[in-house]
Amino acid sequence: MALKIPAKKTPEEIAKLQQEIRKLKKEKNAFILAHYYQELEIQEIADLVGDSLGLSEAARDAKDAKMIIFAGVHFMAETAKILNPKMKILIPNPDAGCPLADQCSAELIEATRKEYDEDIPVVVYVNTTAETKAAADVTCTSSNAATVVKNLGVKKVFFGPDKNLGLYVKKTLPDVEVIPIPKNGHCYVHRRFDVATINEIKKQYPDAVVIAHPECNPEVQDIADFVGSTAAMIYFGKETEAKNVIVATEKGLVDRLNHDHPEKNFILAKDTAICKNMKKNTLELVRDSLLYEQHEIIIPKEIHDKAEKAILRMFELT
Ligand code: SF4
């Protein structure tokens, strides 16, 4: 059943909900994790804000909490559950899925393996469902994708679901054949960035540097001064001496950078770069997941064990 997303709230309503959440969090001994792409009002009540892998690792280490509220999309909460299977992990809105993750099913991996009939390892991005991870050999993140592929020491890999991240790996490791699964997997948010719009913004801020996520199209990556994962972009934003920075990634990260570094100016490289899936979580739903302890992530044991193996392999290789 689709959950209703409430209309925009006043600052007073936000403050009231945040107060309710903080009180419930204490009573329930809950730990709240929020992805950088969540609205700032959710990031403000989180115990930790981070990228998908960083948050899952934090979930693994949060042994003292009684439950974790994972304000992100479904695959992220699943990854947290895989790394900390005994923990009660709740997602505020179970409809918050990731269209990129949905583009690579376990069945597609099996069919591709059969089609090639060669022993080619399957590397999947953490932005995949638990079933897909279970069907793969190893997972990767946007920051370690090239290292994982390099350390496999093979000449060919299947790589999914993000084609642009696969091309980025190929650029770093030109001797490795990177076969995309599916052929054209993409994140609809990162695909929206284009060179013409960035050049227009640059006319207004000629001194600006451009930073881009590897899920962006190759031509956007080519004109960027820096290409890196969410965590790397956060680090770049902190360290750079540039006053103006044009950012090609989801709006939530740009809001966060402007919040953390008010002396600098981070400019979203495209107004429409908003992940509506991430924004399906709201303060009301965070409150309700705490109050009713609802929308728990459950993963069947067989899927869990295989998916865990693929994630642990990534840690071994990096
Ligand atoms: S920004 Fe793209 S990859 Fe991230 S959750 Fe949204 S659709 Fe998925």
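What follows is calculated from the coordinates using simple rules that are stated; it is not laboratory data. The model shown is predicted, which means the values in this text are computed figures rather than measured ones. Cβ sites come from the backbone with ideal geometry, for glycine too, and all protein chains shown count toward neighbours.
Go ahead and estimate [θ] at 222 nm for the chain from helices alone: -39,500 (n - 2.57) per DSSP H run with n ≥ 4, summed, over the residue count, rounded to 500.
-13000 deg cm²/dmol
Quick one, what does Rg over Rh come out to for region 209-318 if you take C-alpha atoms and the Kirkwood Rh?
1.08
Quick one: if you stick a label point 7 Å off each Cα along the C-beta vector at residue 243 and residue 57, how many nm between them?
If labels sit at residue 243 and residue 57, their model points lie 3.6 nm apart.
Identify the GluC sites (Glu not before Pro) of region 95-136 meeting these criteria: DSSP loop state and at most 12 other C-beta atoms within 10 Å of the C-beta.
Answer by residue number: 118.
Starting from the Cα-Cα distance between residue 301 and residue 188, subtract it from 0.36 nm times their residue separation and give me the gain in nm to one decimal.
Fully extending the segment from residue 301 to residue 188 adds 37.5 nm.
For residue 29 and residue 155, calculate 0.36 nm times their separation in residues minus their Cα-Cα distance, and state this gained length in nm to one decimal.
40.5 nm
Which aspartates and glutamates, if any, have their Cα less than 18 Å from the Cα of residue 170, not counting same-chain residues under 8 positions apart?
162, 215, 219, 222
Picking from 254, 154, 227, which is most flexible by a Gaussian network model of the chain using Cα springs under 10 Å?
Between 254, 154, 227, it is 154 that shows the largest mean-square fluctuation.
I need 35, 295 ordered by Cβ neighbour count within 10 Å, fewest first.
The fewest-first ordering by Cβ neighbours comes to 295, 35.
Contour minus end-to-end for residue 235 and residue 200, with contour as 0.36 nm per residue of separation and end-to-end as the Cα-Cα distance?
Length gained, residue 235 through residue 200: 10.0 nm.
Run the quick spin-label model on residue 116 and residue 292: label points 7 Å from Cα toward the beta carbon, then report their separation in nm to one decimal.
The answer from the label model is 4.4 nm.
If you wrap a convex hull around the alpha carbons of the chain, what volume per residue comes out, as a whole number of Å³?
Cα convex hull per residue, to the nearest whole number: 137 Å³.
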